[in-house]
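Reviewing the structure listed below.
Bear in mind that the values in this text are calculations on the coordinates, not laboratory data. All of these numbers come straight from a predicted model, not from anything done at the bench. Positions of Cβ are backbone-derived with ideal geometry, glycine not excepted, and every protein chain shown enters the neighbour counts.
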């Protein structure tokens, strides 16, 4: 069995075919003279919980319905622990055995794996795929290097906010914020009620936790340019989300 460079898995089953046709079948055999693969191997990250397995079965069924030419193509889903992904990709690519045709990637994985030559440039397929117009451009940009596209968004969204009902009640807040303006207003009320604390805890050393807020506010993450900080500040636009600094260090409240 021969491994070919893999493209990332995508959110809609309809798009699976375009990527599969571009990458070929690294783990299966060609099913007909038309080049339709007998099998496609998909690597999903995480644990094979019943809910995830059921969801992937639905994706496979939708794929077969949407593309009758691939109705007989078997979709083999392999579950890879997130912590093992880099080692497993490297092992499969180096040995040429047991690799995926399609793989899920983390949003920080795509540029590195593309640089190592593990991913196929799927720009023509993505640009000619009708649903691509609905993709979030900022998310697709993360999978683009120059004119080459190595992956497409799988999912994305703002993280949930944990809050204390008792502190909300004491600050006169009756419901969770539903907009940026409400988030800022509520945070200021909490800071007023609990002097010396932050109204919103968003640790800057936890990328996944803070970057959703940055993107959601229309900002971008600063890029290191030759070891120098960028001249203009990147991040959440200050007028929309800025909060006054506490007078002293926080006491652990959020």
*Most to least packed among 195-201, 64-70 [average Cβ atoms within 10 Å]*: 195-201, 64-70
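How long is the gain from residue 47 to residue 169 if the chain were fully straight, where each residue apart is worth 0.36 nm and the alpha carbon distance is subtracted?
Computed gain between residue 47 and residue 169 is 40.1 nm.
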*region 37-147, Rg to Rh (Cα coordinates; Rh as Kirkwood inverse mean 1/r)*: 0.96
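Sorting 41, 87, 174 on the 10 Å Cβ count, fewest up front, what's the list? Each step should come with its number before you reach the end.
Working: 41 24, 87 10, 174 7.
So the ranking, lowest neighbour count to highest, is 174, 87, 41.
List 73, 49, 90 from most exposed to least, where exposure is judged by having the fewest other Cβ atoms within 10 Å.
Working: 73 21, 49 10, 90 13.
Fewest-to-most Cβ neighbours within 10 Å comes out as 49, 90, 73.
What order do you get for 186, 143, 101, 166 when you list them from fewest to most C-beta neighbours inside 10 Å? Intermediate results must be reported in sequence, preceding the final value.
Values: 186 21, 143 25, 101 29, 166 8.
Result, fewest neighbours first: 166, 186, 143, 101.
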